[in-house]
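Please treat every number below as a calculation from the coordinates, not as lab data. Worth saying up front: this structure is predicted, and the values here are computed from it rather than measured. Neighbour counts are summed over all protein chains in view; Cβ atoms, including those assigned to glycine, are modelled from backbone coordinates with ideal geometry.
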Ligand code: SF4
Ligand code: SF4
């Protein structure tokens, strides 16, 4: 089963991955990361298809996709 892991402390909270996910599985967290940004978080890894669109748009290379 596919899944993603977001490095929350690398993320700058731009939200590109939130918009890019066709399954609407990524949210912005409510707690700041170590850099002082609200980072992205995976809300529902069970429905991830592994399409990697989220990782492709991330300017900070903070998302890893596992298939
Ligand atoms: S790999 Fe695809 S389905 Fe999975 S979280 Fe990223 S954009 Fe969404
Ligand atoms: S695209 Fe990357 S930097 Fe932007 S919110 Fe998503 S994980 Fe964070």
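Which residue, 34, 26, 42, tops the fluctuation ranking in a GNM of the chain built on C-alpha contacts under 10 Å? Top of the fluctuation ranking is 34. Across the range 3-66, the convex hull enclosing all Cα atoms gives 66 Å³ per residue. Helix content alone sets the calculated 222 nm mean residue ellipticity of the chain: runs of n ≥ 4 DSSP H residues at -39500 (n - 2.57) each, divided across all residues, give -3000 deg cm²/dmol.
Across 55, 43, 20, mean-square fluctuation computed from a Gaussian network of the chain (C-alpha pairs under 10 Å connected) peaks at 43.
Residue separation of residue 5 and residue 30 scaled by 0.36 nm, minus their Cα-Cα distance, works out to 7.2 nm of gained length. Can you work out the FRET efficiency for the pair residue 67 and residue 43, with r the C-beta to C-beta distance and R0 = 30 Å, to the nearest 0.05? Computed FRET efficiency for residue 67 and residue 43: 0.95. Put in line by how crowded their Cβ is, counting other Cβ atoms within 10 Å and starting with the fewest, 27, 8 read 27, 8.
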